[in-house]
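J.: One structure, pasted below without further comment.
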Amino acid sequence: ICESAFQKKDHANIIPNLLVYGDILCSVGEPNKALETLKKAEEIHNSNFKPGQKHAQLERCKQKIKKVKRIIGDDTSHDSSHSSTFNDPTTTEITEITEIMSGGTPLIVFTDVGKDVDDAIALVVLACLKRMFVLNPVAVIATLSPQEERARLARVVLDSLGLPDVPVGIGTDGGSKDSVELHCFASEEKQLKLLHGSVLVPRILTEAEPKSVTLLCLANTKDVSQLILKHPDLFSAKVKNVVIMGGAFYSERMKNVVIMGGAFYSERSERLEIDESAYNNNCEPAAARMLYLECQNRGIPTTTINRTAAYDCPFAISKLNNLQLKCNHLLASEIHEANTNAILNLWKKVNMPAWMRGRGKLPARCDREWFSNFFQVQIDDDAAGPAATDSWLQSANIYLYDALATLNCVEAYQELYFCPKRHVIDGTVHKLVERVAHKEALVAEIDGFLHESFRLAMEGTALTTLKTKTSDAEESVNGDHLDGKEEKTQNGGNGKSHHSMDHV
């Protein structure tokens with residue numbers, strides 16, 4: 001597309017696109033093609049610029065070439081033992097630690113993307129926060145069966161958002177053996193070779209600074225509980241705090257403590273207890289209880305977002321429709337389509353008798369009245385046909401559980417919009433988020449994040465490091481220019497998502 005637009009195969013404005021394409025090829029296990037692409041970018045640079053011009057761009061290109069050579073074991077500057085480590089194609093998921101640990105709070109995300117549309121939306125919000133250098137996702141772990149498919153879906157989503165440098169790992173089954181059909185690509189994603197989260201997460205934590213990494217649990221907590229079991233010291237040393245989309249409550253009670261001689265005295269016990277009715281806790285209750293207990297015993301702060309906070313901040317479906325129309329990004333279209341299909345499918349189920357097998361696991365209480373109240377729609381029982389359905393569908397609301405949890409990883413957003421309740425347990429502050437303040441402003445903020453994230457992904461905007469200091473005339477976030485002649489090109493992405501009403 002670029003070569004056709006610029007009518008010149010070695011145009012300087014192609015260089016940023018080649019650099020991004022090289023990163024993507026590397027992330028999907030094709031380092032040889034990546035090396036060829038990056039060398040082409042270096043050749044085009046040398047043919048268009050004099051020595052010293054666009055030095056930062058040339059340096060980035062050389063660093064990428066050096067990294068890919070190490071991956072394929074073709075860098076003589078490293079010893080053979082180091083090169084052999086990188087010969088395993090699965091290790092292409094791990095970028096240089098110095099790169100992924102820079103710019104924003106290091107964040108490891110545990111997600112069951114593909115189960116709910118809000119998981120994909122949370123990743124879109126996260127992409128924008130990464131470009132703002134507020135949060136820095138150093139790994140995304142896909143959990144809940146079928147976790148391999150979810151991991152491939154996460155990889156596709158992140159690539160479509162221009163984040164090929166964020167490693168993706170395959171998590172646990174999340175306590176569920178059920179296979180959930182995902183709206184994934186049918187061919188390309190099966191070629192991806194991804195590391196298991198049990199390998200990826202410890203590697204990243206080992207290289208992290210003490211008490212620097214935030215764990216964001218947008219799914220069940222089985223992966224984190226296994227991390228604590230296998231690497232307890234690493235968890236205590238490197239994890240700064242844990243943010244959980246689930247459910248918990250503060251408990252005070254008296255307990256008897258036996259002392260020498262058989263006597264006992266009573267003291268007050270302050271604890272956080274899990275809400276087992278919350279979906280993410282209910283998947284693996286033992287893992288959830290262990291996570292909260294270990295965090296309290298080890299003095300690691302937690303922030304728990306209860307589903308009541310999401311109910312307090314409905315997000316209009318019409319905004320998703322507006323998003324896909326304005327952004328023209330395939331992922332935005334897929335999110336809107338998947339969400340619409342899921343709601344219509346749920347509408348069919350609530351209209352079935354409680355005894356009918358077609359309802360699946362939907363509780364008997366979920367009837368037409370419940371549907372209307374939950375999605376905040378008025379449904380005319382006398383009206384029928386596609387027009388009537390489209391009328392109430394466009395006025396319906398959804399709840400962005402995981403996007404709200406993601407924003408709670410940023411203290412400024414947390415204080416502004418969520419006003420959490422604080423409980424000090426054994427000297428450590430644990431927060432519970434149950435309500436939302438400034439609801440309209442928060443919805444507008446999220447909507448703005450989504451639009452900006454898709455816009456930047458479509459433009460193929462490269463992430464710049466804070467350490468690179470260049471003049472405004474020499475560097476531009478939106479692209480490169482040559483001899484005063486500015487050319488712009490857009491590079492789209494594609495990703496898929498699927499929505500089912502499991503939170504309901």
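The values are calculated or read from the model by the stated rules, or taken from the named source; none is laboratory data. Only a predicted model underlies this, so the values are computations on that prediction, with no experimental measurement involved. Neighbour counts are summed over all protein chains in view; Cβ atoms, including those assigned to glycine, are modelled from backbone coordinates with ideal geometry. Each accessible area value is taken on the protein alone, full model and side chains, heavy atoms only, with ligands, DNA and RNA left out. Shrake-Rupley method; radii C 1.70, N 1.55, O 1.52, S 1.80 Å.
J.: Leaving out ligands and nucleic acids, and using a 1.4 Å probe, what accessible area per residue does the stretch 310-367 come to in Å²? Walk me through the intermediate numbers first.
T.: Details: 2980 Å² over 58 residues.
Result: 51 Å² per residue.
J.: Full-extension gain between Met132 and Trp370, please, as 0.36 nm times their residue separation minus the C-alpha to C-alpha distance. All intermediate terms of the calculation are to be shown ahead of the outcome.
T.: Values: separation 238, 0.36 × 238 = 85.68 nm, distance 3.99 nm.
Computed gain between Met132 and Trp370 is 81.7 nm.
J.: Using the per-residue mean of other Cβ atoms lying within 10 Å as a proxy for protection, in what order, highest first, do the peptides 302-310, 225-233 fall?
T.: Details: 302-310: 22.9, 225-233: 15.9.
With the highest mean Cβ count within 10 Å placed first, the list reads 302-310, 225-233.
J.: Starting with the highest mean, order 114-122, 280-288 by the number of other Cβ atoms within 10 Å, averaged over the residues of each peptide.
T.: Numbers: 114-122: 28.1, 280-288: 21.1.
Going by the mean number of other Cβ atoms within 10 Å, highest first, we get 114-122, 280-288.
J.: Return P(r) of the stretch 17-76 (all Cα-Cα pairs; 5 Å bins starting at 0; whole %; ordered from short to long distances).
T.: Over the stretch 17-76, the share of Cα pairs per 5 Å bin runs 4, 21, 31, 22, 14, 7, 1 percent.
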